[in-house]
Amino acid sequence: MKFAIIKERKSPPDRRVVFSPEKLAEARTMFPEAEFIVESSNVRVFPDEAYKALGFKVTDDVSDCDVMLGVKEVPVEHLIPNKKYFYFSHTIKKQPYNRKLLQAMLEKNIEMYDHETIVKKSGARLIGFGRYAGLVGAYNGFRALGLRDGLFNLPKVETLVDLDAVKAELDKITLPNIKILLSGTGKVAKGAKEILDHLKIKEVSDALYLTSKFTEPVYCMTDVMEYNKRKDGKVGEKWEFYKDPTGYESNFMPYAKETDFFIAGHFYGNNAPYLFTREDAKHPDFNINMVADISCDVDGPVASTIRASTIADPFYGYDAKTEKEVAYNQKGAIAVMAVDNLPCELPKDASEGFGVMFLENVIPAFFNNDERGILKRARITENGKLTERFSYLQDYVDGN
């Protein structure tokens, strides 16, 4: 079986890749029956020469390969019919802007596997860039804080060599006495927590956070059952909430009254209550003035996220009274960091981490008869049709 590391063609360019040269060499050693080809790229964080140096064929034509391994969406005109593709398709939530992409994959008889759909039996994701989104998102939040309040001037992550350099910059700053709330408990939130812990910010319990004043910066990591509650007043259960959140309402306002800086690292599921609404943000007790929205659901659960921002221009302000965008440093505004492709700022570390997970969980499935059901669960399209697991996308494909 022939695998191709394909060139990223989405604009703006993404420098990440599924496998670093070293990890690809490890894959070749582990699976000698596999052949790995690299499509030439002038944007990838690892240059063509790095793959050539380890004996890989680098070429402009990978049409003879069976499995195409990419990161971001493949432009429709570059899809090769009758192949297997792995990339983030951004179609499984029926995203309108990628309907044509899914339609094209069905028309071209492409077997599609989305990195987001590579999951355990329980549904927990096995691979992703979540940790790096969390790391960069939290750092960017502190960068915005320093710039807005004239406290310090952190450089952009994209100008730094790697994660060690990012942490070295954080060692130079001193934080004011603020209260920081981090939502979520998954890979994204844990990545953000890594930054908070590196800064030696004291972690406190929900109870202390909501009732106490402090003489040093502190943070609280809060789970879905803390910022949501059952409408009937009974004790909620996480499994119940995930299955059907319609019986729940937001319990976020007690946190909003005590928080200066909110880092949104949660996963937001369909039909779940919004954390805070535009009306909530108008409340005189609403204290949050800085939001690093790593989850970045636009016009969704975090009311101040009215658009995604960019690596080039990562910050904007939200005026709660007018519900309009303003300068991020305007007095009284909520400063917002809502970059939706954060791991792109740390392409080397992100790619190396991704390759470890992909080699452990995905490549073996091609050679052990998919004994863990990884490929079966992840397969979105097959033989020109949606698989049973993803049949809910049919109305989306049909344009309804």
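The values are calculated or read from the model by the stated rules, or taken from the named source; none is laboratory data. None of the values given here were measured: they were computed from a predicted structure. Here the Cβ positions follow ideal geometry from the backbone for every residue, glycine too, while neighbour counts run over all protein chains shown.
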- Tell me which residues, restricted to the stretch 46-93, are among the charged types (D, E, K, R), surrounded by 14 or more Cβ atoms within 10 Å (Cβ to Cβ) and farther than 30 Å from V161 by Cβ. D66, K83, K84
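Every residue, every condition in (1) in a helix (DSSP H, G or I); (2) modelled with pLDDT under 95; (3) closer than 21 Å to F267 by Cβ, yes or no:
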site: K93; (1), (2), (3): no, yes, yes
site: K121; (1), (2), (3): no, yes, yes
site: Y139; (1), (2), (3): yes, no, yes
site: P155; (1), (2), (3): no, no, no
site: E158; (1), (2), (3): yes, yes, no
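From V157, V188, which residue is in contact (Cβ under 8 Å) with a residue 60 or more places away in the chain and under 30 Å from R377 (Cα atoms)?
Numbers: V157 fails: under 30 Å from R377 (Cα atoms).
After applying the criteria, what remains is V188.
Please state which one of S41, S11 is of a type outside the set (K, R), at pLDDT below 95 and over 21 Å from N109 (Cβ atoms). Lay out the reasoning, then the answer.
Values: S41 fails: at pLDDT below 95.
Step by step, each of S41, S11 is checked, and only S11 is of a type outside the set (K, R), at pLDDT below 95 and over 21 Å from N109 (Cβ atoms).
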- Message: Let me confirm something: among R148, R125, R131, which residue is among the charged types (D, E, K, R), crowded, with 20+ Cβ neighbours inside 10 Å and within 30 Å of F315 (Cα to Cα)?
- Response: R131
- Residue within the stretch 312-330 that is assigned by TED's automatic domain parsing to the domain that holds A34, more than 20 Å from S89 (Cα to Cα) and not in a helix (DSSP H, G or I) present: no
- Query: Before we move on, is G186 surrounded by 14 or more Cβ atoms within 10 Å (Cβ to Cβ), assigned by TED's automatic domain parsing to the domain that holds G265 and in contact with an Asp or Glu (Cβ under 9 Å, 6 or more places away or on another chain)?
  - Reply: no
- Task: Restrict the check to the stretch 27-38 and report whether at least one residue is modelled with pLDDT of 95 or more, part of a loop (DSSP other than H, G, I, E, B), within 24 Å of N361 (Cα to Cα) and out of contact with any Phe, Trp or Tyr (no Cβ under 8 Å at 6 or more places or on another chain).
- Result: yes
- Task: Using the structure shown, decide if D14 is over 28 Å from Y97 (Cβ atoms), of a type in the set (D, E) and assigned by TED's automatic domain parsing to the domain that holds V74.
- Result: no
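Restricting the search to the stretch 124-168, which residues are within 29 Å of Y87 (Cβ to Cβ) and aromatic (F, W, Y)?
F129, Y132, Y139
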- Out of the stretch 278-302, which residues are closer than 16 Å to D340 by Cα and either of a type in the set (F, W, Y) or in contact (Cβ under 8 Å) with a residue 12 or more places away in the chain (or both)? V291, A292, D293, I294, S295, C296, D297, V298, G300, P301, V302
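Does any residue of the stretch 345-367 turn out to be touching a strand residue (DSSP E or B) at 6+ places or on another chain (Cβ under 6 Å) and crowded, with 22+ Cβ neighbours inside 10 Å?
Just the residues of the stretch 345-367 that are touching a strand residue (DSSP E or B) at 6+ places or on another chain (Cβ under 6 Å), to begin with: none.
Checked the stretch 345-367: no residue is touching a strand residue (DSSP E or B) at 6+ places or on another chain (Cβ under 6 Å) and crowded, with 22+ Cβ neighbours inside 10 Å.
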- Contact list, first residue from the stretch 386-400 and in the same structural domain as Y113 (by TED's automatic domain parsing) and farther than 19 Å from P96 by Cβ, second anywhere and surrounded by 19 or more Cβ atoms within 10 Å (Cβ to Cβ) and not charged (D, E, K, R), beta-carbon distance below 7 Å, six or more apart or interchain, is T387/I380; T387/T381
- Note on the structure: Of the residues in the stretch 288-324, those that are out of contact with any Asp or Glu (no Cβ under 6 Å at 6 or more places or on another chain) and of a type in the set (S, T, Y) come to S295, S304, S309, T310, Y318, T322
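In the stretch 313-323, what residues are surrounded by fewer than 16 Cβ atoms within 10 Å (Cβ to Cβ) and touching a residue at least 12 places away in the same chain (Cβ under 8 Å)?
First, pick out the residues of the stretch 313-323 that are surrounded by fewer than 16 Cβ atoms within 10 Å (Cβ to Cβ): 313, 321-323.
Scanning the stretch 313-323 gives K321, E323.
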